[in-house]
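Report on the structure given below.
What follows is calculated from the coordinates using simple rules that are stated; it is not laboratory data. Remember, it's a predicted structure, so these values are computed and weren't measured experimentally. Note: ideal-geometry Cβ built from the backbone for every residue, glycine included; neighbour counts use all protein chains shown.
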Amino acid sequence: METKSVSLAEEIENQEQVILLDKTRRKVKTRLLIIENVFWAIGAGAAPIPIFNMSFITAIQLKLISDLSLEYKVKFSKNRGKAIIASLIAGISSGMVAIHFVRGIFGISATPITIISLAIWGGATTYAIGQVFVQHFESGGTLLDFDSVKYKDYFAQQFKEGKKMTTYKR
């Protein structure tokens, strides 16, 4: 039986190709995870159920962080995830949350505008959270060392991108 001799350069090139394929696979998979959860968040935001849709959106965002943690082999903590979501969202959309919360407490019915607004908000925040966590995990971060202040501007930028993505324009 004949054995093929592989040079060190060929072996390194093969390893680099495997690493590139793994990174490409991960990029595609994380992108699909984010988009799938954005659609779920839009649906949860569109549900005309005061108070509950905020809980549904948060649950979807926690699921997204959990899925991304699994993909990056990072330990997931539900409580830490909730705290991070709250700290990221607090800076950009406290008005939306307050209006929706007050509407729910006083039983004010959902209008088409509030339903659409919350659906877009849910999708955009989910998109931004996904993008922030992909960047954080790509840099070797974990949930324990996440610094929301560091990602504040990037989150706001990705929130704007998420709004564009979730808003239909002709």
(message) Going by amide H atoms built from the backbone, whose H comes under 5 Å of the H on residue 146, apart from near neighbours?
(response) none
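For 30, 24, 114, what ranking results if the residue with the fewest other Cβ atoms within 10 Å of its Cβ goes first?
Values: 30 21, 24 10, 114 18.
So the ranking, lowest neighbour count to highest, is 24, 114, 30.
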(request) Would you mind checking 23/73; 23/150; 73/163; 27/63 for any pair whose Cα atoms are more than 21 angstrom apart? (result) 23/150; 73/163
